[in-house]
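Below: one structure in C-alpha cells.
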Amino acid sequence: MSSAPRASSPIVSASPESFDVGGWRITPLVDGRMRLDGGAMWGVVPKPLWEKLTPPDADNSIDIAIRPFLARKGDFVVVVECGLGDRWDEKAKRIYRIATEPSLVASLASVGVAPEDVTHVVASHCHWDHFGAAVARRGTELVPRFPRARYFAPAIEISNALTPDHVRRASYRAEDVEPLIVAGVLTDYEGSVELLPGLHAHVLGGHSDGVAVITLGDEASSDCAIFWSDVVPTTHHVQPAYIMAFDIDVARSFDVRSQWLARAAERGWLGLFYHDAERATARLVRDGKRYTLR
Ligand SMILES: [Zn+2]
C-alpha cells in the first residue's frame, strides 16, 4: 500500500536558503519526492547497518528526495539537474510512491525565478528521476520545460535514452530527450569540460554509463561545490563501498567514488546531494579509509 508522503519532512522547504560558493549563488530546489526500496539503495550493505542511517517503512522503502539546485551568477540562471517531472501514470506513482508536488516550477517560483528566466539546464545523466522534468506537456505536445534554456547532457546518456538495451530500458524514457532534440536546444558533452564559466562537468560512469559530477567554482580550492548526482546519492553513501544496487558497473563505481570522495575531502569542497531526505549539503572529512561529515 502506498501512503501519502509525510508532510513534516525537512526536504520540502517553503523558503529555501541560498549560499554563495565559487562565485555562484546556489539554492536547493525540490521536484516532488519518492520512495525506493532500501535494499536497492544500499546494494550489498547489510540492513542492520543501513536501517539506522535511512530508516525504512514496513514495505522496506526509504524516503528519497528529488533536489535539483539553482545556480546563479551574472546573467546565468542555471538549473543543475531537473527532477522527475509530472508525467507519471498511477501505476508508476504507486510503485515508486511518487509525489509530484511541490513541483520544480513552484520551487523556482518561491525564489522568484520563472521558467523563461532559466538560461541553462545541466544534467548529470538521463535517468528518469533526474531528467523527467526536462520537458513539459503542452496540450498534446511535449516541449522543453524551460523555453529559453540551453540543455546539456552527457552524449552517451542521450543515446542510452533514445535507444536503451534491455538492461537499461527501465531507467530511461526517450520522450524525456526527443522534444529537446526536435527543438534544437540539447548540447551533448563528454569527458571533463567547462560548460559555463566556472561550471565543469566530469563524466565518470559507474552508476550509469555516462553519469557526471558537476562542479561550481574553483576546483583547486575549497571555494567549490560538487553536485554528486547518483555517484554519491545521499550523505549516508559517502563510504566508497556503499554502492547502490542500481549501479550498472560496480567496479567502476568503486574506482570513481574512491577517487572523487578523496578529492572532495582533500580540497574541502561543499557536496550537493540530490537524493538525501534530510541534508542538501555537506563537506567531508577523511579518516583513513572512511569519511565523516564535517
Ligand atoms: Zn537518481
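Filter the range 201-224 down to residues that are in a loop (DSSP other than H, G, I, E, B) and not polar (S, T, N, Q), then give me how many there are.
Final tally of qualifying residues: 11.
Here's another thing I want to ask about it. Pull up the range 279-294, narrow it to residues that are in contact with a strand residue (DSSP E or B) (Cβ under 9 Å, 6 or more places away or on another chain) and not in a strand (DSSP E or B), then point me to the one that is surrounded by the fewest Cβ atoms within 10 Å (Cβ to Cβ).
Result: ARG294.
Determine which member of the set ASP223, ASP218, ASP276, ASP255 is buried (at least 20 other Cβ atoms within 10 Å of the Cβ), modelled with pLDDT of 95 or more and either closer than 18 Å to ALA40 by Cβ or more than 19 Å from the chain's Cα centre (by Cα) (or both).
ASP276
So, SER110, is that one among the polar types (S, T, N, Q) and within 16 Å of the ligand (Cβ to nearest atom) or not?
Working: among the polar types (S, T, N, Q): yes; within 16 Å of the ligand (Cβ to nearest atom): no.
Considered against the rule, which asks whether it is among the polar types (S, T, N, Q) and within 16 Å of the ligand (Cβ to nearest atom), SER110 comes out as no.
If you don't mind, there's one more thing I want to ask. Take the residues in the range 129-147 that are in contact with a helix residue (DSSP H, G or I) (Cβ under 7 Å, 6 or more places away or on another chain) and of a type in the set (Gly, Ala, Ser), then tell me which one is farthest from the ligand (Cβ to nearest atom).
Here the residue is ALA134.
Let me ask something additional. Applying the selection to the range 64-81, what residues are within 16 Å of the ligand (Cβ to nearest atom) and either among the acidic types (Asp, Glu) or more than 28 Å from LEU36 (Cα to Cα) (or both)?
GLU81
Could you please give the count of residues in the range 161-177 that are part of a loop (DSSP other than H, G, I, E, B), closer than 20 Å to ASP247 by Cβ and open to solvent by less than 70 Å² (accessible area, probe 1.4 Å)?
So the answer is 5.
Any residue in the range 231-252 that is more than 22 Å from TYR291 (Cα to Cα), buried (at least 21 other Cβ atoms within 10 Å of the Cβ) and away from the ligand (no atom under 13 Å from the Cβ)?
No, there is no match, as no residue in the range 231-252 is more than 22 Å from TYR291 (Cα to Cα), buried (at least 21 other Cβ atoms within 10 Å of the Cβ) and away from the ligand (no atom under 13 Å from the Cβ).
Kindly indicate whether CYS126 is in a loop (DSSP other than H, G, I, E, B), within 16 Å of the ligand (Cβ to nearest atom), modelled with pLDDT of 95 or more and within 30 Å of GLY39 (Cβ to Cβ).
yes
The values are calculated or read from the model by the stated rules, or taken from the named source; none is laboratory data. Quick caveat, the model's predicted, so the values are computed rather than measured. Here Cβ is always computed from backbone atoms with ideal geometry, including for glycine, and neighbour counts include all displayed protein chains. Accessible surface areas use protein heavy atoms only, side chains included; no ligands, DNA or RNA. Shrake-Rupley method; radii C 1.70, N 1.55, O 1.52, S 1.80 Å.
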